[in-house]
Amino acid sequence: MKKKLSMKKTVGFVVFLSLFFSIGYSAFKIITTPENISDADIHTHFRSDYILMLLQCFLGLIVLGLPRLLERKWSFEIPNYMTTLYFIFLYCAIYLGEVHNFYYVIPHWDDILHAFSGAMLGALGFSLVSILNDSEKTKVSLSPLFVALFAFCFALAAGAFWEIYEFIGDGLFGLNMQKFRLADGYILSGHAALSDTMYDIIIDALAAFTVSVIGYLSLIGRIKYTQRKEHNKEKEEM
């Protein structure tokens, strides 16, 4: 237990420092970067890119404490591995993705993160229902099919809310979270501009569905094992 807690705290501290110093860096670049850059190559950052970087890092620091806030408010414990994966996701999405430009440098980086987040949110959905089933305050016993459906819908809803957040951020602050502008500044239009959002949602759905199916089969196997164990126990007592 101590090793798990230590790993969670260590990863969280590394992510905190990375985002904290990135806020200062992005604020400095916003001030020093010209608003319009001509003859930009694929490695050039525009001022709007640094505004996006600042916004993402600032929000990253806020949501970094979300697991602890939820645990305190609703008096339940999120699995340590889940919190650690959540910290790693923030590091990959914000620090590596936005600050180090992995979205453009590493092929399919955005797709990898969406697959990761979809699977993680699906697993979180299973964990939430498991906590509800095991809670003494709420005497509820949900079927494996309902649990799997909830996990899938939970992950997909979270992915949809994220796309709404990106759309609003792009519209209000002139950002490029939905990647409608290429690294060289070329602005996509029509189906090409929409494809990033739709691919993200599809990947979220596929990852969540995969985790939901695995979780469903796992629950079915656990129920059958418990029933078989109880049946054998009754036979021995007879």
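The values are calculated or read from the model by the stated rules, or taken from the named source; none is laboratory data. This is a predicted model, so every value here is computed, not measured. Cβ placement follows ideal geometry from the backbone for every residue including glycine, while neighbour counts extend to all protein chains displayed.
Brief remarks follow.
- Qualifying residue in the stretch 29-48 (condition: in contact with a Ser or Thr (Cβ under 8 Å, 6 or more places away or on another chain), farther than 23 Å from D170 by Cβ, part of a helix (DSSP H, G or I) and modelled with pLDDT of 85 or more): no
- The stretch 99-111 - residue that is in contact (Cβ under 8 Å) with a residue 12 or more places away in the chain and part of a helix (DSSP H, G or I) and, of those, farthest from the chain's Cα centre (by Cα): Y104
- Checking the stated criteria, I187 turns out not to satisfy the condition of being under 27 Å from I131 (Cβ atoms), surrounded by fewer than 18 Cβ atoms within 10 Å (Cβ to Cβ) and modelled with pLDDT under 90.
- For D111: the one exception among (1) acidic (D, E); (2) buried (at least 18 other Cβ atoms within 10 Å of the Cβ); (3) at pLDDT 90 or above: (2)
- Of the residues screened, S75 is not one that is more than 22 Å from G12 (Cβ to Cβ) and polar (S, T, N, Q).
- A residue that is part of a loop (DSSP other than H, G, I, E, B), surrounded by fewer than 18 Cβ atoms within 10 Å (Cβ to Cβ) and either touching a Cys at 6+ places or on another chain (Cβ under 8 Å) or hydroxyl-bearing (S, T, Y) (or both) can be found somewhere in the stretch 72-91.
- Residues (free of Cβ contacts under 8 Å to residues at least 40 places away in the same chain, in a helix (DSSP H, G or I), more than 30 Å from Y216 (Cα to Cα) and among the aromatic types (F, W, Y)) located in the stretch 141-198: Y165, F167
- Residue match in the stretch 141-152 (condition: surrounded by 13 or more Cβ atoms within 10 Å (Cβ to Cβ) and within 21 Å of A93 (Cα to Cα)): no
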